[in-house]
Amino acid sequence: MRIVVLAGGIGGARFLRGLKTAAPDADITVIGNTGDDIHLFGLKVCPDLDTVMYTLGGGINEEQGWGRTDETFRVKEELAAYGVGPEWFGLGDRDFATHIVRTQMMGAGYPLSAVTEALCDRWQPGVRLLPMTDDRVETHVAIEEDGEKKAVHFQEYWVRLRASVPAHAVVPVGAEQAKPAPGVLEAIGAADVILFPPSNPVVSVGTILAIPGIREAIAEAGAPVVGLSPIVGDAPVRGMADKVLAAVGVESTASAVAAHYGMGLLDGWLVDTVDAEKAAEVEAAGIRCRAVPLMMTDLEATAAMAREALTLAEEVRA
Ligand code: FO1
């Protein structure tokens, strides 16, 4: 079975671990969000691609959900000693190697998709990891800080500010000019199932859908499209998705996120059992809905969620 998954960072990566367990023989293609990418110290950092690669490759810092295990920060300390910032983004020594290799290869003319394939040669994530595009797209957030309106890079909003100020707008800069990376549209067209994992619906899945051609390809694909709500009990399970949902005028509920994706895109939607009463509202929006446990507490729980999503996909296909 060919499965395509639109994945962002931590939630998407953890879900993929469960999906691999639930469907060990499936051919999984991950379309990874690159709107979180940031250029630091002359290096290109791809947080969401790296989180998927490290999580599935066994190198992730498990409790953080990002960065490498057994990390040290000597390079970061030395940069700070030179007064070279920013200090608020924790790049570890082992992680730096990934960004050095990536930047070196891109400097030699390799597109991000080829670089990602090369990095995955080492990590063997067990999925095909494609960036959503080879073009530069970086999400910026319009905020007001100390009375001054400005746009900050998503990472500054997310990490330095901890999303502590309202986001007035979330803009994937460069998305309009970007093209899907090689293999992305083909994978969508050939998919038997397309999944939206519990990733951030605005800055992760939303950014991928903002690349011209991707939303249309999914809407036209013959495959059933099933999503899993990242919102449980009117709050994000992790992260601060509610802050960016507010920026796009979507309330932080399992049913509002389904409606945000819309029936033109989604055929099925899983909500957590605590939101069971919302299933009727989602079904009224033309999207088949089931209430199942959606907390990724461990691998087996996550695998069970993945099985439920695949089961719903078959129900919808029928
Ligand atoms: N998140 C943090 O909250 N603090 C950090 O210092 C931080 C550093 C970092 C370094 C590399 C990387 O790949 C991810 C990193 N993240 C950090 C997580 C990152 O902001 C998020 O994983 C994604 O951008 C959102 O999905």
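The values are calculated or read from the model by the stated rules, or taken from the named source; none is laboratory data. Nothing here was measured: the structure is a model prediction, and the numbers come from that model. Quick reminder, even Gly has a Cβ in these numbers, built from the backbone with ideal geometry, and neighbours come from all protein chains shown.
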Checked GLY42, GLY57, GLY35 against criteria (within 11 Å of the ligand (Cβ to nearest atom) and either basic (Lys, Arg) or touching a residue at least 24 places away in the same chain (Cβ under 8 Å) (or both)); the one match is GLY35
Would you say THR51 is touching a Phe, Trp or Tyr at 6+ places or on another chain (Cβ under 6 Å) and crowded, with 20+ Cβ neighbours inside 10 Å?
yes
Could you tell me whether GLU77 is at pLDDT 95 or above and surrounded by fewer than 20 Cβ atoms within 10 Å (Cβ to Cβ)? yes
For this session: Answer yes or no as to whether PRO236 is surrounded by 16 or more Cβ atoms within 10 Å (Cβ to Cβ) and touching a residue at least 60 places away in the same chain (Cβ under 8 Å).
Result: no
By residue number, the members of region 279-309 that are of a type in the set (Lys, Arg) and assigned to a helix (DSSP H, G or I) are ARG307
In region 163-173, anything out of contact with any helix residue (DSSP H, G or I) (no Cβ under 8 Å at 6 or more places or on another chain) and modelled with pLDDT of 95 or more is listed as VAL171, VAL173
Sole miss for ARG74 among (1) more than 21 Å from GLY9 (Cβ to Cβ); (2) within 14 Å of the ligand (Cβ to nearest atom) is condition (2)
Checked pairs for region 154-179, first on the phi > 0 side of the Ramachandran plot, second part of a helix (DSSP H, G or I), C-beta under 8 Å and 6 or more apart or across chains, list as ALA163/TYR157; ALA163/LYS243; ALA163/VAL244
Of the candidates VAL171, VAL205, the one satisfying the condition of being within 30 Å of ASP272 (Cα to Cα) and in contact with a Leu (Cβ under 6 Å, 6 or more places away or on another chain) is VAL205
inquiry  = GLY107 - would you say it is touching a helix residue (DSSP H, G or I) at 6+ places or on another chain (Cβ under 7 Å), more than 12 Å from ASP50 (Cα to Cα) and at pLDDT 95 or above?
reply    = no
Heads up, the strands (runs of 3 or more DSSP E) in region 77-154 (entirely inside) with at least 2 residues that are closer than 30 Å to ILE188 by Cα and within 16 Å of the ligand (Cβ to nearest atom) are 128-131, 138-145
- Item | Flag for ASP25 being modelled with pLDDT of 95 or more, surrounded by fewer than 24 Cβ atoms within 10 Å (Cβ to Cβ) and either not polar (S, T, N, Q) or not in a helix (DSSP H, G or I) (or both) | yes
The residue that is nearest to the ligand (Cβ to nearest atom), considering only those in region 159-209 that are β-branched (Val, Ile, Thr) and in a helix (DSSP H, G or I), is VAL159
Per the list (1) more than 17 Å from the chain's Cα centre (by Cα); (2) in a loop (DSSP other than H, G, I, E, B), residue check on ARG238 breaks on (1)
